[in-house]
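Beneath this line is the structure, given in structure tokens, with notes to follow.
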Amino acid sequence: MHKITFITTHNWDTKRQGGFHKFAEATAAAGIETVFFSFPRPYYGLFMKREQLNKSVINMLKKGKHYDFCGHDILNVTFPTLRLPDSAGRFLPAGFMNFMLTHSLRSFKHFCKKFLSVTDCFVFESCEGVAYIDKLRKLFPAAKMIYRPSDPMVYASIPERVKKLEQHMLYSADLNILVNKEGLEAYRKSVPDFESRVKYTILSNGIDINSYKKSYPVPELLQKENTILYVGAWEVEWPLLFKAADENPDFNYIVVCPNYPPQEIQNKVTSYSNLFYVPGIKPAEVPAWITNCSVVMVPYVTDFYKDRPLGITAKYYQAMATRKPIVAYCDTPKLTEAGAVVTYTYDDFISAVREAVKSGSKDYTFDLKNREWENITNQFIELVEKTEQKR
């Protein structure tokens, strides 16, 4: 394999500690020409001020930006399109929404010729980029198409048209690399003839275990007593945290999440002296935060786990590696098998946090030995190369 293109929602600058960033680093280090294709980036994003959607980053990635990784080059590019907000789907047909998603003021064929030419393998993340599989097959008939969904797009809030795009991706891909059995079961339930029509294997997410075994300077916000910390991208159950902060004034609840809650929630948070909201930190800073808190909490919204089959994610690997007590709310019951505490009522969550603060460090039965990113990325490259050989 000479060239690989990853189609992902993220920018390279995000430098996430997992997923496609790790795979891209591994392929670049192996001497494979590596492209990071950030999608979708709609034209309306030029008027926004978010990390992925803003005028500066979109204009920069339209031209392509090269990054050095240990002496190896990684190219990050994007292709802005006429994509409309999901809310428009309530009034417009799915076909039109998908047309706008994949069409631009520029030529996609020219974009591919300039940035993606001679790609041997395209690897899609669970994002709207899956809409491009047919176009890419036509332009690159010899290339292999691999789907690696970390977050299966089967839950209720996903637009039906996107679910159908993913289903087509699952059927069409040369290989689907699922991250856990929960994702597999979700697809079996929602995708017709999954077992007979879909080629798949399972390869878990990973973790840089060593980074969670080190000591770091304590971030200022964690220099308080009894720090109960959440670091993640999924929204949290704010009414639960308001109740917890009221009932435990000596505990400091800290939410680090790049997805801004409604302004009324942000305003209410500021009225508390022991509840804090941080709109994201750099991925490289995550180990310093996890290793220096008292308890890791994962307070998802009520019944989150019933709709989103994420299983035991890397978020939990991090806490387990640091031997931090874990208290989750409305997540998979399988966490209890590993030694984490999972609760399903406000009172139980608040009580479990109190006990966790008292208990201090904790040992877990979950096996992290085979979750080291180096092992996972090596297996990923082996899977890609085997798929490549089946030309």
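The values are calculated or read from the model by the stated rules, or taken from the named source; none is laboratory data. Quantities reported herein were computed from a predicted structural model and do not represent experimental measurements. Don't worry about glycine lacking a Cβ; one is built from the backbone with ideal geometry, like all the others, and counts go over all protein chains shown. SASA here: full protein model, heavy atoms, side chains in, ligands and nucleic acids out. Shrake-Rupley method; radii C 1.70, N 1.55, O 1.52, S 1.80 Å.
Computed over the chain, the P(r) curve from all C-alpha pair distances, binned at 20 Å from the origin, holds 26, 58, 16, 0 percent per bin. Relative contact order of the chain: 14 percent, from C-alpha pairs under 8 Å at least 6 residues apart in sequence. Using a probe radius of 1.4 angstrom, the carbon and sulfur fraction of the accessible surface of the chain is 51%. Ranked from largest, the principal axis spans of the Cα set of the range 136-287 equal 58, 36, 29 Å. Solvent exposure of the chain, expressed per residue, is 46 Å² of accessible area, with all protein chains present and a 1.4 angstrom probe.
Note on the range 139-184: Kirkwood hydrodynamic radius from all Cα pairs is 11.6 Å, rounded to one decimal. With all projection directions averaged, the alpha carbon convex hull of the range 334-381 covers 4.7 nm². Pairs exceeding a 31 Å alpha-carbon distance, out of LYS199/LYS369; LYS49/LYS199; LYS65/LYS213; LYS63/LYS386; LYS113/LYS386: LYS49/LYS199; LYS65/LYS213; LYS63/LYS386.
Rg of the Cα atoms in the range 314-354, relative to 2.2 N^0.38 Å, amounts to 1.10. Each Lys or Arg adds one and each Asp or Glu takes one away; over the other residues whose Cβ falls under 13 Å from the Cβ of ARG371, this sums to -1.
Return a whole-number percent for the relative contact order of the range 302-381, with Cα pairs under 8 Å and 6 or more residues apart as the contact set.
So the answer I get is 29 percent.
Once backbone amide H atoms are built at 1.01 Å from N, VAL278 has VAL255, VAL256, CYS257 as its partners under 5 Å, excluding neighbours fewer than 5 places away on the same chain. The phi torsions of the range 166-178, fed into the Karplus equation with coefficients 6.51, -1.76 and 1.60 and a -60° offset, translate into couplings of 5, 4, 5, 4, 4, 5, 8, 5, 5, 7, 10, 9, 7 Hz, rounded to whole numbers, with Gly and Pro shown as x. Binning all Cα-Cα separations of the range 1-96 at 5 Å, short to long from zero, yields these whole-percent fractions: 3, 13, 22, 21, 15, 12, 8, 4, 2, 0.
Ratio of Rg to Rh for the range 189-257, alpha carbon only, Kirkwood? Here the Rg-to-Rh quotient is 1.20. Here the peptides 77-83, 104-110 are ranked by packing, the mean other Cβ count within 10 Å, and the order with the highest first is 77-83, 104-110. With the Kirkwood sum run over all distinct C-alpha pairs, the range 60-172 has a hydrodynamic radius of 15.5 Å.
Applying the criteria of a DSSP loop state and at most 11 other Cβ atoms within 10 Å to the GluC sites (Glu not before Pro) of the range 349-391 yields no site. Stokes-Einstein at 25 °C, 0.890 mPa s, Kirkwood radius from Cα pairs: D for the range 273-391 in µm² s⁻¹? The diffusion coefficient I find is 151 µm²/s.
Each of HIS66 and THR201 was given a label point 7 Å from its Cα along the Cα-to-Cβ line. The distance between the two points is 3.3 nm.
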